[in-house]
1. Out of ALA102, ALA92, ALA178, any idea which swings most in a Gaussian network model of the chain, alpha carbons joined below 10 Å?
2. If you rank MET1, MET161 by fewest surrounding Cβ atoms within 10 Å, what's the result?
3. Can you work out the Karplus-derived ³J(HN,Hα) for every residue in region 12-26? Use 6.51 cos²θ - 1.76 cosθ + 1.60 with θ = phi - 60°, whole Hz, and x for glycine or proline.
4. Take ASP151, ASP136, ASP210 and order them by how many other Cβ atoms sit within 10 Å, fewest up front.
5. In 5 Å bins starting at zero, report the fraction of Cα pairs in the chain per bin as a rounded %.
6. Run the simple label-point estimate for ALA28 and ARG167 please: 7 Å along Cα→C-beta, distance reported in nm.
7. Going by amide H atoms built from the backbone, whose H comes under 5 Å of the H on ALA181, apart from near neighbours?
8. Please arrange TRP175, TRP109 by how many other C-beta atoms lie within 10 Å of their C-beta, fewest to most.
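What follows draws every value from the coordinates through simple rules; no lab data is involved. This one's a predicted model, so the numbers in the text were calculated from it and none came from an experiment. Here the Cβ is made from the backbone with ideal geometry for all residues, glycine too, and neighbour counts use every protein chain on show.
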Amino acid sequence: MYHQILLGLTERIESGEVGVGDRLPSEADLVAEFGVSRTTARRALDELRRQGLVRREPGRGTFLASPRLRSNLAYLHSFSEEIVRWGYVPGARLVSQEERAAGEEVAAWLGVGVGEEVLYVRRLRLADERPIFVCDSHLPVGRFPALKDADYGTVSLTKLMEERTGRRIEHARQWIGAATAEPDVAGLLEIPAGVPVLKIRRITCVAGGDPAEVVEAFFHPERYQHYNELSTQPAQVTG
């Protein structure tokens, strides 16, 4: 019965009978419709939440969430490539750009001296004009002077860095964690301040191993998720 309820709700979503923002049947509604226990009804709704298809608002009910973009952690790719792959139109809005002196933390990430000039760039990334994440980039313009006067309103920063540095992006180191949305980030993402968001810090390196960017990104909690496919056999690690 649990699978029957899940299948029935999924069919309503896929057919468009239930649209984004619409409320799904409550546990009590499902009990009456399918003649099941409340535990079975709750299990079906919990599975939809686990899949990221719906969101639960205490006191109001369960609602169909906006589709989430999914990023595969198995390989390095640009956000723009991921957006196109999922059938959306990528976009970028330049929020701020200024030259700064590298603090200890940024200097360590980029492998430059403390106080050395870096370029700070904040951008809002979009998919079909909807805010997906805010990214704060620090770029070592002393190492790569051509990055200083680049157009950061362009969609693909990855392509821009490769063109400006003359080197191919080869690898990156990345950390994923949780954060709360500060008021400025929340305003750009169009969510309430203090809402939990996914935070990613990535150091991107070009051929030769030189860091070309360190970025901290804050993702909309209902529009983006990372996933990975795992094996019981660990990959061979060399070097």
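1. Top of the fluctuation ranking is ALA178.
2. Fewest-to-most ranking of MET1, MET161: MET1, MET161.
3. Calculated HN-Hα couplings, in order: 5, 5, 5, 7, x, 4, 10, x, 4, x, 6, 7, 7, x, 6 Hz.
4. Ranked by crowding around the Cβ, least crowded first: ASP151, ASP210, ASP136.
5. Whole-percent P(r) values from 0 Å outward: 1, 6, 11, 15, 15, 14, 11, 9, 6, 5, 4, 2, 1, 0.
6. Here the modelled spin labels are 6.4 nm apart.
7. Long-range HN contacts for ALA181: GLY194, VAL195, VAL197.
8. TRP175, TRP109
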